[in-house]
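J.: My questions will all concern the structure given below.
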Amino acid sequence: MKIHAVFNRDGGTFRTMDMKAFAQTAKEIFEKHGHSFESESVAGKDIVKALTKAATQDDDHILMAGGGDGTISAAADVAWKAGVPLAVLPAGTMNLFARSLKIPLELNAALESLADGTIKAVDISTANGQTFVHQFSIGFQPRMIKLRNTLEFNSRWGKRLASMRAFAVVIGNPPRFAVRMTIDGAPTERTVSAISISNNPYGRGMLPIADDLDRGELGVYVAERLSPLSVMKLAATVLMRSWRRNIDVNEILAREVDLHFPHLYSEAKATIDGELVPLGQDVTIKIHAGELKVLVPA
């Protein structure tokens, strides 16, 4: 294999590492397994440009991306459109896509597993053409992330603490909004507090991640009108891994979902793979089965 790696030196674990030493370690690990390896470390603001350049330099290579979930989501978009395989190096806070791919979260272990890995076809999804590998969400999560981003944090644990503080504020006034949904051609209209649509349905673990990424189905999760008490109950059922029995959450499997928001305000936001984006009045979510090639542990 020929690997071209792009590391986001501003993201997660990399912010406190000697990137030159780490790049040399990565090179030694891949060369030990008989592969060629080259890498570059770039600032977060330059990551998409560097990924795009690396993905289009030639046809016979694998694009490796190292960073948090935002970096990996951007890399998946670039790799999918360029038609090159993607290798995911988890260096963020949650590393949700890496977890679904069963990649070890310790960096050297991840490098070893990928150097001995194999190429697999998995699914990728889009919301109005914008790709995501984990989740599109509206309602509760965007409001919480918007508030969290106003708080200061300088580490992964600081980010988690800020998220907990934001959650505590938002549960006091859960969002409610009207939505017209068409799920695989079947229309319905509801008032809800949150909608999350995942690239393959969530598994049985505590974290909201897919156990399998090649089922060719979206997981559609709709939380009905939530009160502060019902939000706390929902959080408790998530921690106990029993949220599927929570009557306030509906799970639906689909291949395409159309959303229309009749009373959308101008500053409304959604999240795509944890990043805030403007929310349009009409959104079409599709899954593209087997269209993303990824390097996974053997």
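The values are calculated or read from the model by the stated rules, or taken from the named source; none is laboratory data. Since the model is a prediction, treat every value here as computed from it, not as a measurement. Neighbour counts are summed over all protein chains in view; Cβ atoms, including those assigned to glycine, are modelled from backbone coordinates with ideal geometry.
J.: Is it the case that segment 182-190 has a residue that's modelled with pLDDT of 70 or more and assigned to a loop (DSSP other than H, G, I, E, B)? Spell out the reasoning first.
T.: The first filter runs over segment 182-190 and keeps only residues modelled with pLDDT of 70 or more, leaving 182-190.
Filter once more, keeping what is assigned to a loop (DSSP other than H, G, I, E, B): 184-185.
Yes, because at least one residue in segment 182-190 is modelled with pLDDT of 70 or more and assigned to a loop (DSSP other than H, G, I, E, B).
J.: Failed condition for Asn149, given (1) out of contact with any Lys or Arg (no Cβ under 8 Å at 6 or more places or on another chain); (2) at pLDDT 95 or above, with all others met?
T.: (2)
J.: Condition first: surrounded by 16 or more Cβ atoms within 10 Å (Cβ to Cβ) and over 13 Å from Thr71 (Cβ atoms). Now tell me which residues in segment 39-51 satisfy that.
T.: The one that is surrounded by 16 or more Cβ atoms within 10 Å (Cβ to Cβ) and over 13 Å from Thr71 (Cβ atoms): Ser39.
J.: Restricting to segment 22-37, what's the tally of residues that are surrounded by fewer than 21 Cβ atoms within 10 Å (Cβ to Cβ) and either under 16 Å from Glu106 (Cβ atoms) or modelled with pLDDT under 95 (or both)? Steps first, please.
T.: We begin by selecting, within segment 22-37, every residue surrounded by fewer than 21 Cβ atoms within 10 Å (Cβ to Cβ); these are 23-25, 27-29, 31-36.
Restricting the remaining residues to those that are either under 16 Å from Glu106 (Cβ atoms) or modelled with pLDDT under 95 (or both) gives 25, 29.
Number of matching residues: 2.
J.: Return a yes/no flag: does segment 61-79 have any residue that is surrounded by fewer than 21 Cβ atoms within 10 Å (Cβ to Cβ), modelled with pLDDT under 95 and at negative phi.
T.: Yes; the residues of segment 61-79 include at least one that is surrounded by fewer than 21 Cβ atoms within 10 Å (Cβ to Cβ), modelled with pLDDT under 95 and at negative phi.
J.: State which residue pairs qualify: first residue touching a residue at least 12 places away in the same chain (Cβ under 8 Å) and inside segment 55-77, second residue assigned to a strand (DSSP E or B) and of a type in the set (D, E, K, R) in any location, beta carbons under 7 Å apart, and separation of 6 or more residues or different chains.
T.: Between residues of segment 55-77 that are touching a residue at least 12 places away in the same chain (Cβ under 8 Å) and residues that are assigned to a strand (DSSP E or B) and of a type in the set (D, E, K, R), the close pairs are Asp60/Lys2; His61/Lys2; Ile62/Lys2; Gly70/Glu275.
J.: Restricting to segment 269-298, give me the number of residues that are assigned to a loop (DSSP other than H, G, I, E, B) and touching a residue at least 60 places away in the same chain (Cβ under 8 Å).
T.: Restricting attention to segment 269-298, the residues satisfying the condition of being assigned to a loop (DSSP other than H, G, I, E, B) are 273-274, 279-281, 297-298.
Still in the list and also touching a residue at least 60 places away in the same chain (Cβ under 8 Å): 273-274, 279-280, 297-298.
Within segment 269-298, residues that are assigned to a loop (DSSP other than H, G, I, E, B) and touching a residue at least 60 places away in the same chain (Cβ under 8 Å) number 6.
J.: Sort out for me the strands (runs of 3 or more DSSP E) sitting completely within segment 1-93 that have 1 or more residues that are under 21 Å from Gly290 (Cα atoms).
T.: Values: elements: 2-8, 36-42, 62-67, 86-90.
Strands (runs of 3 or more DSSP E) meeting the threshold: 62-67, 86-90.
J.: In the set Ser242, Ser227, Ser193, Ser266, which member is among the polar types (S, T, N, Q), out of contact with any His (no Cβ under 8 Å at 6 or more places or on another chain), at pLDDT below 95 and buried (at least 19 other Cβ atoms within 10 Å of the Cβ)? Step through it out loud before you land on a result.
T.: Working: Ser242 fails: buried (at least 19 other Cβ atoms within 10 Å of the Cβ); Ser227 fails: buried (at least 19 other Cβ atoms within 10 Å of the Cβ); Ser266 fails: buried (at least 19 other Cβ atoms within 10 Å of the Cβ).
Ser193 is the lone residue from the list that is among the polar types (S, T, N, Q), out of contact with any His (no Cβ under 8 Å at 6 or more places or on another chain), at pLDDT below 95 and buried (at least 19 other Cβ atoms within 10 Å of the Cβ).
J.: Still on this structure, please answer the following. Considering only residues that are in a strand (DSSP E or B) and within 16 Å of Pro175 (Cα to Cα), which ones fall in segment 231-253?
T.: Restricting attention to segment 231-253, the residues satisfying the condition of being in a strand (DSSP E or B) are 249-253.
Correct list: Val249 only.
J.: Still on this model: Which residues, taken from segment 99-114, are closer than 22 Å to Phe136 by Cβ and buried (at least 21 other Cβ atoms within 10 Å of the Cβ)? Steps first, please.
T.: Filtering segment 99-114 down to residues closer than 22 Å to Phe136 by Cβ leaves 99-101.
Correct list: Ser100, Leu101.
J.: Further, regarding this structure: Name, by its number, the condition in (1) under 17 Å from Ser39 (Cβ atoms); (2) outside the structural domain of Gly70 (by TED's automatic domain parsing) that does not hold for Thr126.
T.: The single condition Thr126 does not satisfy is (1).
J.: What are the residues in segment 94-122 that are touching a residue at least 40 places away in the same chain (Cβ under 8 Å) and assigned to a loop (DSSP other than H, G, I, E, B), if any?
T.: If the condition is that a residue be touching a residue at least 40 places away in the same chain (Cβ under 8 Å) and assigned to a loop (DSSP other than H, G, I, E, B), then Met94, Leu101, Lys102, Ile103, Pro104, Asp116, Gly117 are the ones that fit.
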